[in-house]
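I have placed the structure first, in the form of structure tokens, so that the comments after it can refer back to it.
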Amino acid sequence: MPNDQEDQAAGLLRPDGSAGLSGDGNGDGVKDSQQAAVASTRDLTLVAGSRDGKLIPDSNARITELVRSDAPANLPKGMEMPIGLTSFKVSLAEGRSTESFSLYADPALGANGYWVKDSTGTWVNLASEPYGGKVASEGGRTRLDFQIQDGGEYDADGQVNGSISAPGAVAKMPLSIVGQASDAHSFGFWY
């Protein structure tokens, strides 16, 4: 990532509500441009080797790519991808097979997950409890926490090679009890 672009990233708000360090998208007090495992664009910050948005000591993960592209035309009914696809590549520390990630986004996007396609082409939310993830609010931002296994179903290259590629999206989709989009709603609640 170009340092000047990362240095323009919004910092997390401090606990007292004051503005955080500009260019510190995960609020750890260190500019993202100085950390190989943290990358920011104007409105997103990705942390690889993350525990609740902060770097796990000695994780040694390195983000080698963070790219945004247009949303696909054939989204499921009700899915909104306001900033399109967010793809990334991460080199893992030797001996690691699964990596944890945190992705910070503007809460105005209304995102309820980091969505990727599974092997059947169905969009799934890795930042949801069934997939070991969660959605949290931190410092005035939405934080999406999720894990991806090297060579696993959500690693786009499908190979155990010390690198994870993930084409996914910060998106929102109304959920029913079983996690599928629903056409039926009543009084603003989805069933």
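The values are calculated or read from the model by the stated rules, or taken from the named source; none is laboratory data. Since the structure is predicted, the reported quantities are computational estimates derived from the model, not experimental observations. As a convention, Cβ positions derive from the backbone with ideal geometry for all residues, glycine included, and neighbour counts pool all protein chains shown. Protein only, heavy atoms only, side chains kept; ligands, DNA and RNA dropped before computing areas. Shrake-Rupley method; radii C 1.70, N 1.55, O 1.52, S 1.80 Å.
With a Cα-only, solvent-free Debye model of segment 1-85, what are the log10 I(q)/I(0) values at q = 0.24 Å⁻¹?
For the requested q values the scattering log ratios are -1.10.
Under a plain spin-label model, where a point goes 7 Å from the Cα along Cα-to-Cβ, how far apart in nm are residue 14 and residue 58?
Result for the modelled spin labels: 3.2 nm.
Please identify, among 133, 84, 95, the residue showing maximal mean-square fluctuation in a Gaussian network model of the chain using a 10 angstrom Cα cutoff.
Fluctuation is largest for 95.
Would you work out the relative contact order for the chain, in percent, from Cα pairs under 8 angstrom that are 6 or more residues apart?
Here the relative contact order equals 18 percent.
With the calculation restricted to Cα positions, what are the radius of gyration and Dmax of the chain in angstrom?
Spelled out, the Cα radius of gyration and Dmax of the chain are 16.3, 51 Å.
Find out how many positive minus negative residues lie around residue 134, taking Lys and Arg as positive, Asp and Glu as negative, among other residues whose Cβ is under 10 Å from that of residue 134.
After counting each charged neighbour, the total is -2.
Relative contact order for segment 54-136: what is it in percent, counting Cα pairs under 8 Å that are at least 6 residues apart?
This gives 21 percent for segment 54-136.
So with the 1.4 Å probe, I'd like the accessible area per residue for the chain, rounded to whole Å².
Per residue, the chain has an accessible area of 50 Å².
Looking only at Cα atoms, what is the convex hull volume of segment 86-176 per residue, in Å³?
Dividing the Cα hull volume of segment 86-176 by its residue count gives 97 Å³.
Rounded to the nearest 500 deg cm²/dmol, what is the calculated helix-only ellipticity per residue at 222 nm for the chain, with -39500 (n - 2.57) per DSSP H run of length n ≥ 4?
Result for the chain: -500 deg cm²/dmol, rounded to the nearest 500.
Determine the share of the chain's accessible area contributed by carbon and sulfur atoms, expressed in whole percent, with a 1.4 angstrom probe.
Reported share for carbon and sulfur atoms: 49 percent.
Put +1 on the Cβ of every Lys and Arg and -1 on every Asp and Glu Cβ in segment 42-157; which of 108, 135, 152 then has its Cα farthest towards the positive end of the dipole?
Sorting the options by dipole projection puts first 108.
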